[in-house]
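Notes follow once the structure below has been shown.
The values are calculated or read from the model by the stated rules, or taken from the named source; none is laboratory data. Note that the structure is predicted; figures quoted are calculated from it, not measured. When we count neighbours, we look across all protein chains shown, and the Cβ atoms used for this are built from the backbone with ideal geometry, even at glycine.
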Amino acid sequence: MSVAMPRVMTRGVVFVHSTPAALCPHITWALEAVLQSPLSIDWTPQPAGAALVRAEFPWSGVQGTGAKLASSLRGWDGLRYEVTEEPSAGSDGSRWSHTPRLGIHHTWTSASGDAVVNEDRLREVIRLAQGSPEAMAEMIDELLGSEWDAELEPFRYAGDGAPVRWLHKVG
């Protein structure tokens with residue numbers, strides 16, 4: 001007899017920082033497929049880019065939903081996005097950042113949203129840097145996603161004050 005494990009629930013936010021308007025229905029369909037729920041996403045103009053729109057909305061679902069949402073948006077031209085998943089029982093929080101130029105970056109996050117780098121990755125940086133402070137700084141910047149942050153920052157600020165719609169369906 002097998003015992004069903006309880007589903008651990010969590011929540012997060014999808015930030016579509018910029019996309020061509022033509023992708024909006026496709027993005028909505030992809031997110032609906034992951035969340036298994038119809039969505040009504042409010043797309044607003046993205047001031048940081050002509051003919052681009054943006055949207056953000058919170059989600060709730062089982063642990064691991066953030067990774068599925070981030071994966072469902074990969075590969076579309078001109079799409080900049082971030083997906084967050086809050087820490088939950090037995091799991092760290094996460095943030096996935098994507099830009100057309102850089103692709104996708106994943107980092108674990110603390111309860112306050114700071115990037116967290118595990119000790120094995122830091123040991124690898126120390127080993128590979130071979131005593132070079134410049135190499136170490138470059139590798140740590142990569143682990144933290146500094147290049148993604150720099151590229152997304154103008155689009156994040158352009159979204160300040162944008163409306164957020166809460167989703168209430170869980171599991």
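Examine segment 12-22 for a residue that is hydrophobic (A, V, I, L, M, F, W, C), outside any helix (DSSP H, G or I) and farther than 26 Å from GLU142 by Cβ, and state whether such a residue exists.
no
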Practice task
Sort through ALA33, ALA50, ALA111 and tell me the only one that's without any contact (Cβ under 8 Å) to a residue 40 or more places away in the chain, exposed (fewer than 14 other Cβ atoms within 10 Å of the Cβ), more than 14 Å from the chain's Cα centre (by Cα) and not in a loop (DSSP other than H, G, I, E, B).
Solution key: ALA33
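Tell me, yes or no, whether segment 150-158 has at least one residue that is surrounded by 13 or more Cβ atoms within 10 Å (Cβ to Cβ), free of Cβ contacts under 8 Å to residues at least 24 places away in the same chain, touching a strand residue (DSSP E or B) at 6+ places or on another chain (Cβ under 9 Å) and not aliphatic (A, V, I, L, M).
So in segment 150-158, the residues surrounded by 13 or more Cβ atoms within 10 Å (Cβ to Cβ) come out as 151-152, 154-156, 158.
Narrowing the set further to residues that are free of Cβ contacts under 8 Å to residues at least 24 places away in the same chain leaves none.
Looking through segment 150-158, none of the residues is surrounded by 13 or more Cβ atoms within 10 Å (Cβ to Cβ), free of Cβ contacts under 8 Å to residues at least 24 places away in the same chain, touching a strand residue (DSSP E or B) at 6+ places or on another chain (Cβ under 9 Å) and not aliphatic (A, V, I, L, M).
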Fill in the blank from the handout: Checked pairs for segment 87-99, first buried (at least 20 other Cβ atoms within 10 Å of the Cβ), second of a type in the set (A, V, I, L, M) and part of a loop (DSSP other than H, G, I, E, B), C-beta under 8 Å and 6 or more apart or across chains, list as GLY93/ALA111; HIS98/LEU73; HIS98/LEU79
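Rundown of residues vs (1) surrounded by fewer than 21 Cβ atoms within 10 Å (Cβ to Cβ); (2) over 18 Å from the mean Cα position of the chain (by Cα); (3) under 14 Å from GLY78 (Cβ atoms); (4) among the aliphatic types (A, V, I, L, M), yes/no style:
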site	(1), (2), (3), (4)
VAL8	yes, yes, no, yes
HIS17	no, no, yes, no
ARG54	no, no, yes, no
GLY61	no, no, no, no
Completion exercise
Across (1) polar (S, T, N, Q); (2) crowded, with 16+ Cβ neighbours inside 10 Å; (3) at pLDDT below 95, THR84 clears everything bar (3)
Exercise for the section: Within segment 67-75, identify whether any single residue is closer than 23 Å to GLY145 by Cβ and surrounded by fewer than 13 Cβ atoms within 10 Å (Cβ to Cβ), and answer yes or no. Expected result: yes
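Take the residues in segment 112-171 that are of a type in the set (Gly, Ala, Ser) and in contact with a His (Cβ under 9 Å, 6 or more places away or on another chain), then tell me which one is modelled with the highest pLDDT. Spell out the reasoning first.
At the first step, the residues of segment 112-171 found to be of a type in the set (Gly, Ala, Ser) are 112-113, 115, 129, 131-132, 135, 137, 145-146, 150, 158-159, 161-162, 171.
Those still in the list that are in contact with a His (Cβ under 9 Å, 6 or more places away or on another chain) too: 145, 158-159.
On the way: GLY145: 93, ALA158: 72, GLY159: 59.
If we take residues in segment 112-171 being of a type in the set (Gly, Ala, Ser) and in contact with a His (Cβ under 9 Å, 6 or more places away or on another chain), then GLY145 is modelled with the highest pLDDT.
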